[in-house]
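Peer 1: Once you've had a glance at the structure underneath, I'll fire off some questions.
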Amino acid sequence: MRELVLFISRSLVDHPEQVEVIEIENERGLVLQVKVAPEDVGKIIGKQGRIAQAIRSLVKAASSNESRRVMVDILS
């Protein structure tokens, strides 16, 4: 799952070398924190959050076979 988010995020930004995806396991499931350069935050979020929502939808579809919930947070 981490690799999917990393690939998508690096494809969208101007500074792909600064993209980090951190996995955090908690009682609610798996949290993937996407950290990008401050000038790339808008590109990851998109207009009205559409890009971020699309990333979350892809992750939800990819994780449907797993028994845990996967959430995506975007950090700057």
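A short reminder: the numbers here are calculations on the coordinates, not readings from a lab. Computed from a predicted structure; not experimentally measured. For neighbour counting, all protein chains shown are included, and Cβ atoms are generated from backbone atoms with ideal geometry for every residue, glycine included.
Peer 1: Calculate the spin-label point distance for residue 11 paired with residue 71, positioning each point 7 Å from the Cα along the beta-carbon direction, and give it in nanometres.
Peer 2: 2.6 nm
Peer 1: For the pair residue 43 and residue 3, how long in nm is the line joining their label points, each one 7 Å along Cα→Cβ?
Peer 2: Each label point is offset 7 Å from its Cα along the Cβ direction, giving 2.3 nm.
Peer 1: So, one more: Going by average Cβ density within 10 Å per residue, which order do the peptides 30-42, 54-66 take, highest to lowest?
Peer 2: 30-42, 54-66
Peer 1: Kindly write out, for region 2-10 in residue order, the coupling ³J(HN,Hα) from the Karplus curve 6.51 cos²θ - 1.76 cosθ + 1.60 (θ = phi - 60°), rounded to whole Hz, with x marking Gly and Pro.
Peer 2: Ordered by residue, 3J(HN,Hα) equals 4, 5, 4, 5, 4, 4, 4, 5, 5 Hz.
Peer 1: Using the alpha carbons of the chain, what is the convex hull volume per residue in cubic angstrom, as a whole number?
Peer 2: Convex hull volume per residue, Cα atoms: 78 Å³.
Peer 1: Can you tell me, using C-alpha contacts under 8 Å and at least 6 residues apart, the relative contact order of the chain as a whole percent?
Peer 2: Computed value for the chain: 33 percent relative contact order.
Peer 1: Using the Karplus curve 6.51 cos²θ - 1.76 cosθ + 1.60 with θ = phi - 60°, work out ³J(HN,Hα) for each residue of region 53-67 in order, rounded to whole Hz, and write x for Gly and Pro.
Peer 2: Listing the rounded values in order: 5, 5, 4, 5, 5, 5, 5, 4, 5, 5, 9, 5, 7, 8, 8 Hz.
Peer 1: Pulled fully out, how much extra length does the chain show between residue 20 and residue 64, if you take 0.36 nm times their separation in residues and subtract their Cα-Cα distance?
Peer 2: My answer for the length gained is 13.5 nm.
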